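All remarks here apply to the structure that follows.
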Amino acid sequence: MHTVEAAGVGRPIYGSNQAAPPPTEFSAKEEPLEGRLARDLCALKVPGLRVISAVGERTLYSRDQTEIPRFMKELLFSSMPEAVVQVSSAEAVSAVLKLAHDRNIPVTPRGSGSSPFGGSVPVKGGIVLDVSTMDGIVSVDRDAKTITVEAGARWADVDRELERHGLTLFTCPSSRFSTVGGWVSTGGMGLNSLSHGHLSASVEEVTIVTPGGSERKIARGDPMFLPLFGSEGQLGVITKVKLRAREKPSKSRPHLIMFSDVRDALSFAYALISGDVKPTHVIYESALKFSLTNRALGGDRFSVSDAIIVSVEGQDSEERFEKFLAATGLKEEKECFARYMWNERYFPMKLRKLGPGLMGSEVIVPFQLMPDAMAKANALCKELGLEPMYEVHFLNDGRGLLLTYYLTDQGNTIGFTMDAAKSFILSSMLIDMGARPYSIGVWNNAFVDADDKVRLVRLREVKSSTDPRGIMNEGKLFSLSGRFGGVAGVVFSPRLMRPLLKTMRVFSPITIRLMRTGYRFAEKRFRPKERTELMKLADECAMCGACVSVCPAYLTVKDERVTARGKLLAVKAMSRGSKLTKEHSDRIFLCMRCKACEQVCQSKLGLVSAYDMLEKELEAVYGKDVAEIEKFIRYTESTPEYDSLVRQGLVLGAPKHGANAAEIEKEEVTGDGV
C-alpha cells in the first residue's frame, strides 16, 4: 500500500519530495515488441499511434463485456489479436488501415469494450484498433445546437460539455462511459428514444476512415449514412461524430408507479404514451428488480411490485401527467424513490454482484406482442429453473426494447454453461414470436436472419463497395468465423441453431430434466467451495469499462492494466495459473488510490482494498519499484487530466498539487465547480 490511511485516499507517502517540482514527463517500463506485425506497425512512425504486443495487455482486447463460459469461447474462437493499436489521430487510423488493407489483415474497431454481444471480439485475430483514446471534444456550436466529438468520447463527457452551454443530448445509451462511435456502430436505441427516436435522428454527420485509408464525411442524406448505424464496424473506422443537441429543460422529474400485475402496468404505459402527456422516457421494471434492489441495499426500501418509471420534462408535461395519473386513481411513490430508480438507468449491471453473474436476452418486441411475449418468457423461464427480471424501454415506433435477465454463478463452470444455453433458448422463443435481436455481434449470430432484412441487404451492398477485401471486423455478421475454419459459423448459423433451439423447446420436458440434473450435479460438485476475496470481487465486476476513462493512471500511461477492470482480469488470469511479466506487475502498482473507479463502478465494489491485496501478492513475487511509483504519482498529480477529475468530484480526498490547483480551490470556494 502506498498511501497514508489516515488521509483517506490519494495522499502519497513521499512527503519529503513534495517541495520539489513535479516531473515533466513519465514513461512506464515497456515490454519489448512481440511479432513482426507489431514491429511493422511501430515502424509507421505516425503521431498518435501506440502499438501493443505484450500478451498481458493484448489479452484485455480478446474480450468485451460479455461473460461467456471460457471453454466454449476457447473451443470455438481464437480471439487473441496479433497486435493492438491505440490511435489518437485520424492520420494514425489511416496509416493502420492502409497497412492492413495492403496485407489483407483483419481489423476489429473497438471503443470501450462495453458491448455484451461480442461485437469487438477479434474472432479472426489480426489487429484490434482501439479508438477509445480519440476522446476529444472538437467543437460546440451554441447557435446551431451541435457538438462535434471524436469517436472515443464518452457520453458522460459529451453531456457534461453540453451542460456548460445550457444544452443537453437528445438521446444516449444506458452506459454513460461507452463511446459515441461505439453506440453508432452497435445500435442507437436508448434513453429518451421514446421522445426523440433513434440515435440517427440526432446525428448530423459521421466521419470515417475507409478500409483503404481514405477519410470520408458522411452527412444526412448520404446513401451510406443510415447503414452506418448498427453496422458493427463493417464499413470502416468512425473517427468523428457531429451530434444535434437541445436546450437543457428547465424542469425534469421522474415518477414511479407500482402495479400488482404486469398487464396493468403495460396498459398504463400504452395509455400514457398514446395520450397528450408526451413523456421523455418510460420504463417498465418487474417486481424481482425491486426485490433484488432491496437485497443489494440491505433493507426493504421498495415495495416488491411491477412498476412503471416515467420521466417528464417541462411544467406543461408535468401538469398533464398529474392529470393523467389522477384520472387513473393510482398513487405514485415518493419522489426520492422515483429519483433513485431513474438514476439506476445508468447502472444496468449493478445487480450482477448478487450472482455473481448476470445473463439474459435483449430483443425488440412490438407493443401488441409484449404482454404475451413476457408471459411466455416467464413460463419458459419457470420450466428452465430461472427466476427472471424484466425491463422494457418503450420506443417511439410502436416497439419496446425487452431485457430479460437472470442471475447466474460464473464460478460454477457447468451451471454457468447451462445458463448460457438457456439464454439462447429464451431468445429463440421470443424471436420466433416476432421479436428482433437488438444487436448481432458473435453471440446473436444464430438470429441474424431475424434482423431487418432490408437493412442487412443495404449494409452488404455498401460493404462490398467500401470494403471489397472484407478486412473490417471480419468473421462476423455476414459469416461467422472461428477455430477450425467455419465450425463456429456452422454451430451458430441460423440454419442449424434455430431449429436446434426450437427442438429443445418442443421437447422441453426432456431438455429441462437433463438440464436440472446437470445443474444439481454441478451445484454439488463444481461450485467453488471457497473464493478468495480477490476472486469474489473479480467475479462481481461487470467488466463494463466505466472505470477506464476516469482512471488517472490510465490517462497517464494509456494501459488498461492499471485500471480496475484490468487488475481484476489479471486476478482471473492468475487464478488460472497464468504468469504475469515483471512489467505487467509494475503497471498494477501505478495507482493514485483516488477512488474515482469506485464512484463510477456499477457493482459498487470496494476496489481500493482489492488493490491492496493484489499488490501484496505481487510484491512477494515481483517486488515493487518505489521510485517509479513516486515519479508516477507526482507527475500524474500535475496533469490537467487529473485536475479535470478533481473538478468533476471524482477524486475523493486526493491532494491538489497540479498546475491548476489554485484555480480548482477557487472554484470549490465560490461554488463554480461542476
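Inside the range 148-252, counting only helices (runs of 4 or more DSSP H) that do not spill past its ends, which hold 3 or more residues that are crowded, with 24+ Cβ neighbours inside 10 Å? Break it down into steps so the answer makes sense when it comes.
Working: elements: 155-164, 180-186, 193-196, 225-228.
The helices (runs of 4 or more DSSP H) meeting that bar are 180-186.
Exactly one of (1) among the aliphatic types (A, V, I, L, M); (2) touching a residue at least 60 places away in the same chain (Cβ under 8 Å); (3) open to solvent by less than 10 Å² (accessible area, probe 1.4 Å); (4) closer than 30 Å to Glu387 by Cα is unmet by Met429. Its number?
The failed condition is (3).
Among the listed residues Glu333, Glu313, Glu362, identify the single one that is touching a residue at least 12 places away in the same chain (Cβ under 8 Å) and more than 29 Å from His198 (Cα to Cα).
Within the list Glu333, Glu313, Glu362, the selection yields Glu333.
For the range 312-339, which positions are of a type in the set (Lys, Arg) and either surrounded by 18 or more Cβ atoms within 10 Å (Cβ to Cβ) or assigned to a helix (DSSP H, G or I) (or both)?
Correct list: Arg320, Lys323, Arg339.
Would you point out which residue out of Ser132, Ser139 is hydroxyl-bearing (Ser, Thr, Tyr) and assigned to a loop (DSSP other than H, G, I, E, B)?
Ser132
How many residues are in contact (Cβ under 8 Å) with a residue 60 or more places away in the chain, closer than 27 Å to Thr280 by Cα and touching a Lys or Arg at 6+ places or on another chain (Cβ under 6 Å) when one looks only at the range 198-231?
1
For Ala620, are the conditions met, namely being farther than 28 Å from Pro23 by Cα and either of a type in the set (Gly, Ala, Ser) or outside any helix (DSSP H, G or I) (or both)?
yes
Please go through the range 101-139 and give me each residue that is more than 30 Å from Thr404 (Cβ to Cβ), touching a residue at least 40 places away in the same chain (Cβ under 8 Å) and in contact with a helix residue (DSSP H, G or I) (Cβ under 9 Å, 6 or more places away or on another chain), ordered by number. Don't jump to the end; show me each part of the working.
We begin by selecting, within the range 101-139, every residue more than 30 Å from Thr404 (Cβ to Cβ); these are 101-107, 124-131, 133-139.
Subset that is touching a residue at least 40 places away in the same chain (Cβ under 8 Å): 101, 104-107, 124-131, 133-135, 138.
If the condition is that a residue be more than 30 Å from Thr404 (Cβ to Cβ), touching a residue at least 40 places away in the same chain (Cβ under 8 Å) and in contact with a helix residue (DSSP H, G or I) (Cβ under 9 Å, 6 or more places away or on another chain), then Ile105, Pro106, Val107, Gly126, Ile127, Val128, Leu129, Asp130, Val131, Met134, Asp135 are the ones that fit.
When both residues are 6+ apart or on different chains and their Cβ atoms are under 7 Å apart, which pairs have a first residue that lies in the range 531-555 and is free of Cβ contacts under 8 Å to residues at least 40 places away in the same chain, and a second that is assigned to a loop (DSSP other than H, G, I, E, B)?
Every condition considered, the pairs that remain are Tyr554/Val548; Tyr554/Thr563.
Pairs under 8 Å by beta carbon, first residue open to solvent by 100 Å² or more (accessible area, probe 1.4 Å) in the range 16-31, partner outside any loop (DSSP other than H, G, I, E, B) and at pLDDT 80 or above, six or more apart or different chains?
Thr24/Tyr635; Glu25/Tyr635; Glu30/Glu583
Is the range 560-581 home to any residue that is farther than 27 Å from Gly411 by Cα, in contact with a helix residue (DSSP H, G or I) (Cβ under 7 Å, 6 or more places away or on another chain) and either in a helix (DSSP H, G or I) or open to solvent by less than 10 Å² (accessible area, probe 1.4 Å) (or both)?
No, there is no match, as no residue in the range 560-581 is farther than 27 Å from Gly411 by Cα, in contact with a helix residue (DSSP H, G or I) (Cβ under 7 Å, 6 or more places away or on another chain) and either in a helix (DSSP H, G or I) or open to solvent by less than 10 Å² (accessible area, probe 1.4 Å) (or both).
Give Ala421, Ala377 a once-over and let me know the one that is part of a helix (DSSP H, G or I), at negative phi, open to solvent by less than 20 Å² (accessible area, probe 1.4 Å) and in contact (Cβ under 8 Å) with a residue 40 or more places away in the chain.
Step by step, each of Ala421, Ala377 is checked, and only Ala377 is part of a helix (DSSP H, G or I), at negative phi, open to solvent by less than 20 Å² (accessible area, probe 1.4 Å) and in contact (Cβ under 8 Å) with a residue 40 or more places away in the chain.
Residue under question is Ala338, and the condition is that it be modelled with pLDDT of 95 or more and within 18 Å of His196 (Cβ to Cβ); does it hold? Full working, then the answer.
Working: modelled with pLDDT of 95 or more: yes; within 18 Å of His196 (Cβ to Cβ): no.
Answer is no for this residue.
The rows are residues; the columns are (1) assigned to a helix (DSSP H, G or I); (2) among the small types (Gly, Ala, Ser); (3) open to solvent by 20 Å² or more (accessible area, probe 1.4 Å).
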site	(1), (2), (3)
Arg263	yes, no, yes
Phe268	yes, no, no
Leu272	yes, no, no
Phe302	no, no, no
Val310	no, no, no
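With the checklist (1) in a helix (DSSP H, G or I); (2) open to solvent by less than 40 Å² (accessible area, probe 1.4 Å) in hand, flag the one item Val363 doesn't pass.
The one condition Val363 does not meet is (1).
The values are calculated or read from the model by the stated rules, or taken from the named source; none is laboratory data. Quick caveat: nothing in here was measured; it's all calculated off a predicted structure. Virtual Cβ from ideal backbone geometry, glycine too; neighbours counted across all protein chains shown. For the accessible areas, the whole protein counts, side chains as well, though only heavy atoms, and no ligand, DNA or RNA atoms are used. Shrake-Rupley method; radii C 1.70, N 1.55, O 1.52, S 1.80 Å.
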